[in-house]
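In what follows, a single structure is set out as structure tokens and then discussed.
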Amino acid sequence: MPGIEKMHSVTRLHAGSATDVGLVRTVNQDQRLVAPPLYAIADGMGGHAAGEVAASVAVRALEEAFSAAGSPTAQALADAARAANQAVWEASVADHKLRGMGTTLVAMALVAKDSTEELAAINIGDSRLYRLRGDDLEQLTADHSLVAEMVAEGQILEEEAEFHPHRNVLTRALGVDPDVEVDLVTETIEPGDRFVLCSDGLYREVSDEQIAAMLRRLADPADAARELVTEAKLRGGNDNITVIVLNVPPVAESASSSTEEKAAPEATEEAATGTEAAPNKRSRRWWRRRAQASRSRIITVRVVAFFVVLLIVLGAGAAAIAWYGRSSYFVGLRGNELTIFQGRPGGVLWFQPTVKQRSGVTTDQVEAQHLAALRAGQTESSMQAARQYISRLRNEYLQATLGTPST
Ligand code: MG
């Protein structure tokens, strides 16, 4: 049902891939599949042409079964891997020349998860899926090889595995039995995540650190895939080398960017053209939301900056007002007692005057003509001046009533 299919696979990955026979082998038995939202690598094994057949039957059957499922889900991917196993197995029993053939298969797809999407990956054998998130390169798949199991069980060190005589022995492969155990992993995806699918021809020559460094240096997936293959050849090229690099677009990317998939040049005979013919409506909506989200993030930064500046200006203003509001004194009334206040009569904005000193002199101890000024607040430049003012009123009153000035 195409309608169901349209519901999912909303993130468009930028894909680039490259493959090379290497410097030792005469035939390239690796196969890659770039069929958004599905990406896979199969590393075939078997005499004569059997390895190539196994790998190509596997990726074709995987793609067919996965797209036939209608709705891309993690379960559909695992089922498709089992269908691929069945197809290779059937082909090998049908033709005695192909007897015993098998292949590795590593595949990843963006699949539906509730209302969102996630990464699903399957693995059988020793091809790998890596994820570079930020600065960390992580192998998301586990190798089904004798040395990997020996390392896991602590029998040998990881460094020894590289040179172990049985390093090519697989403990699990696709197509050698009617049934196969499929490893399925699911992961969240984040903007800027990068994924690398590869056959062992890459990682046996190029260390994880070198893979990570190459990815950091080369943002373009086609460039990165091509350079990784070249690097593996420079370091020995003892096996076929196949690499698919996938970029999850960064969140700030424009919604209208439609030339994401860039074919790997010459190194690749069938460059990755992993573009969905027409992005569905939901995809466009999703992109628009992403673009809006990044725009609003920029706006948010500006708004925050504006408020910071505003707060500084307001703070300076408030300090000036506070200074003005608090820098003088006045004599006013508190009940009927003459009191020295700090501040401005009536206050300035939220800076209310505070009591600095009570005088003990009451309104009935001053001349009546001063009461209006006292009620309004008689401003003085300092505490000293305010004290002198009260003293003056008191003396005036004493003089008037007793006829003798106070000392
Ligand atoms: Mg190989």
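The values are calculated or read from the model by the stated rules, or taken from the named source; none is laboratory data. Owing to the predicted nature of the structure, the values given are computational and were not obtained by experimental measurement. FYI the Cβ positions are ideal-geometry reconstructions off the backbone, even for glycines, and counts take in every protein chain you see. Just so you know, the surface numbers come from the protein's heavy atoms only, side chains and all, with ligands and any DNA or RNA stripped out. Shrake-Rupley method; radii C 1.70, N 1.55, O 1.52, S 1.80 Å.
Once the piece of chain linking D136 and K356 is laid out straight, how much longer is it, given 0.36 nm per residue of separation minus the C-alpha distance between them? If you can, show how the numbers build up before the last one.
Details: separation 220, 0.36 × 220 = 79.20 nm, distance 6.47 nm.
Answer, rounded to one decimal: 72.7 nm.
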Review point. Out of residues 5 or more away from G44 or on other chains, whose amide H comes under 5 Å of its own, with H placed 1.01 Å from N in the peptide plane?
Key: D30, Q31, A55, T104
Point to revise | ³J(HN,Hα) computed for each position of segment 70-84 - Karplus, 6.51 cos²θ - 1.76 cosθ + 1.60, integer Hz, glycine/proline x | key: x, 9, x, 10, 4, 4, 4, 5, 5, 5, 5, 5, 5, 5, 5
Revision key, fill the gap. Counting sequence-distant residues (5 or more places) and residues on other chains, those with an amide H built under 5 Å from that of I189 are L119
Review point. Taking a probe of 1.4 angstrom, what is the accessible area of F307 in Å², to the nearest 10?
Key: 110
Review point. Percent of accessible area on segment 2-149 owned by carbon and sulfur, 1.4 Å probe?
Key: 52
Study note, to complete from the structure: Per the rule of 0.36 nm per residue minus the C-alpha distance, extending A213 to Q369 adds in nm 47.2 nm
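Give me the number: length gained by fully extending A152 to L314, i.e. 0.36 nm times residue separation minus the C-alpha to C-alpha distance, one decimal in nm.
Numbers: separation 162, 0.36 × 162 = 58.32 nm, distance 6.33 nm.
Length difference between fully extended and current span is 52.0 nm.
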Study note, to complete from the structure: Taking the square root of 5λ for each eigenvalue of the C-alpha gyration tensor of segment 313-407, the equivalent ellipsoid has semi-axes, largest first and in whole angstrom, of 30, 12, 9
Check your understanding: So what are segment 147-213's ellipsoid semi-axes, whole angstrom, largest first, if each one is the square root of 5 times an eigenvalue of the alpha-carbon gyration tensor?
Key -> 23, 21, 12
Review point. How many nm is it between the label spots at S382 and K97, if each spot is 7 Å from the Cα in line with the beta carbon?
Key: 11.4
Revision key, fill the gap. For segment 302-360, inverting the pair-averaged 1/r of distinct alpha-carbon atoms gives a Kirkwood value in Å of 13.0
Practice item. Might you tell me the accessible area per residue for segment 52-206, computed with a 1.4 Å probe and given in Å²? Key: 43
**Study point:** Equivalent-ellipsoid semi-axes of segment 98-152, from the Cα gyration tensor, Å, largest first
**Key:** 25, 18, 9
Exercise for review: Report the charge-dipole magnitude of segment 156-217 in Debye, nearest 20, computed about the Cα centre from +1 at each Lys and Arg Cβ and -1 at each Asp and Glu Cβ.
Suggested key: 320
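Which translational diffusion coefficient, to the nearest whole µm²/s, is obtained for segment 20-96 from the Stokes-Einstein equation, given a Kirkwood hydrodynamic radius over C-alpha pairs, 10 °C and 1.306 mPa s? All intermediate terms of the calculation are to be shown ahead of the outcome.
Details: Rh = 13.0 Å.
After rounding, the answer is 122 µm²/s.
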Point to revise | Whole-Hz ³J(HN,Hα) from phi, Karplus 6.51 cos²θ - 1.76 cosθ + 1.60, for segment 129-145, glycine and proline x | key: 10, 10, 10, 9, 10, x, 9, 9, 9, 10, 7, 8, 9, 9, 6, 9, 10
**Study point:** For H144, distant residues with modelled amide H under 5 Å away
**Key:** G125, D126
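So, R0 is 25 Å and r is the distance between the beta-carbons of T26 and E162; what FRET efficiency does that work out to, to 0.05?
Values: r = 24 Å, r/R0 = 0.97.
Step by step, r from the Cβ atoms, then E = 0.55.
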Point to revise | From phi via Karplus (6.51, -1.76, 1.60), per-residue ³J(HN,Hα) for segment 383-396 in Hz, x at Gly/Pro | key: 4, 4, 4, 5, 4, 5, 4, 5, 4, 5, 4, 5, 4, 4
**Study point:** Coordinate range along principal axes, alpha carbons of segment 1-130, Å, largest first
**Key:** 47, 33, 21
